[in-house]
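Let me begin by presenting the structure, written as structure tokens, before commenting on it.
The values are calculated or read from the model by the stated rules, or taken from the named source; none is laboratory data. Quantities reported herein were computed from a predicted structural model and do not represent experimental measurements. All Cβ positions, even for glycine, are placed from backbone atoms using ideal geometry, and neighbour counts span all protein chains on display.
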Amino acid sequence: MKKPIFLLAAALLIGSGAKAEPFNEKEIVQPSVIMLAELDPDEVIAKYIQAVGGMDKISKVKSAYVLTEADFQGTMIETTVKSDSENGRLKQETKVMGQVQQRMILKDGKGFAEMGGQKQELPDEMFELSKSQMYVFPEPHYKALGLSMELRGTEKVEGEEANVLILTLSNGMKTVEYYSVSSGLKLKSSSDAAGDIIYSDYKDVEGVLYPHTITVVSPMLPFPLESKIKSIEFNKVFSDADFN
């Protein structure tokens, strides 16, 4: 059971916040000329920002503590995320039956990953990929983070028409995100590393909408794994010890 638990922890850690991972260009939907004539990437992001509460509100969210739980065939999985964009810090930690299986820490311009008691520094490339997770709402910062955006038409996601947005890092690595045409909310993100991450059950948290159910569909998992938010707190004050 140990190997499946490690794979599960890895999938959950990826699913808890991954925003920019490699993506196979061949799998990206081809553009719709009609939709491209009506929208551009900035409009998709602007509609999303408005949908979750507006720039004025989300710009005031500088940090967050998020606790999620998932049930994997009777095994309880707990993931905590501490994000602090003002101080450039992030900590993600996954526990299985109360025992830490995996954690990732970004701080002081460096990143570290630990699994099974083995800790190693993230390569610069992986650190750059993970930086967006320091933001509770990274979307307004995509360009500042070095991501270029391209709209590739629309595609059905969970029965809903969605704008397909391709994000590309300066090194050419890509991720794809899907935003509802009708509501503007983010429905899904996809990458080779994380598989599909589906966002649903948006609820009001201190005046902004945040998805409370996250479903990971990954080659590392035998079936879709659903995580639900059990606790969330915006603008939480963290100490240095919270990122050790």
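Right, Tyr202: part of a strand (DSSP E or B), closer than 22 Å to Ala64 by Cα and not aliphatic (A, V, I, L, M) or not? I'd like the intermediate steps shown before the answer.
Numbers: part of a strand (DSSP E or B): yes; closer than 22 Å to Ala64 by Cα: yes; not aliphatic (A, V, I, L, M): yes.
So Tyr202 fits the description; yes.
Could you check how many residues of region 126-153 are among the acidic types (Asp, Glu) and modelled with pLDDT of 95 or more?
Residues that pass the stated criteria total 2.
Can you name every residue in region 226-242 that is closer than 23 Å to Lys188 by Cα, among the polar types (S, T, N, Q) and surrounded by 13 or more Cβ atoms within 10 Å (Cβ to Cβ)?
Within region 226-242, just Ser227 meets the criteria.
Of a type in the set (A, V, I, L, M, F, W, C), at pLDDT 95 or above and either farther than 21 Å from Ser180 by Cβ or surrounded by fewer than 15 Cβ atoms within 10 Å (Cβ to Cβ) (or both): does that describe Phe112? If you could, list the steps in order and put the result at the bottom.
Working: of a type in the set (A, V, I, L, M, F, W, C): yes; at pLDDT 95 or above: yes; either farther than 21 Å from Ser180 by Cβ or surrounded by fewer than 15 Cβ atoms within 10 Å (Cβ to Cβ) (or both): yes.
In short, yes.
Taking region 148-171, which residues are within 20 Å of Gln133 (Cβ to Cβ) and surrounded by fewer than 21 Cβ atoms within 10 Å (Cβ to Cβ)?
Of everything in region 148-171, those that are within 20 Å of Gln133 (Cβ to Cβ) and surrounded by fewer than 21 Cβ atoms within 10 Å (Cβ to Cβ) turn out to be Ser148, Met149, Ile166, Thr168, Leu169, Ser170, Asn171.
Looking at region 152-179, which of its residues are touching a residue at least 60 places away in the same chain (Cβ under 8 Å) and small (Gly, Ala, Ser)?
Gly153
Among the residues of region 23-59, how many are surrounded by 11 or more Cβ atoms within 10 Å (Cβ to Cβ), at pLDDT 50 or above and part of a helix (DSSP H, G or I)?
15
Just to be sure I understand, how many residues within region 45-86 are without any contact (Cβ under 8 Å) to a residue 40 or more places away in the chain and closer than 29 Å to Lys110 by Cα?
Residues meeting the conditions: 3.
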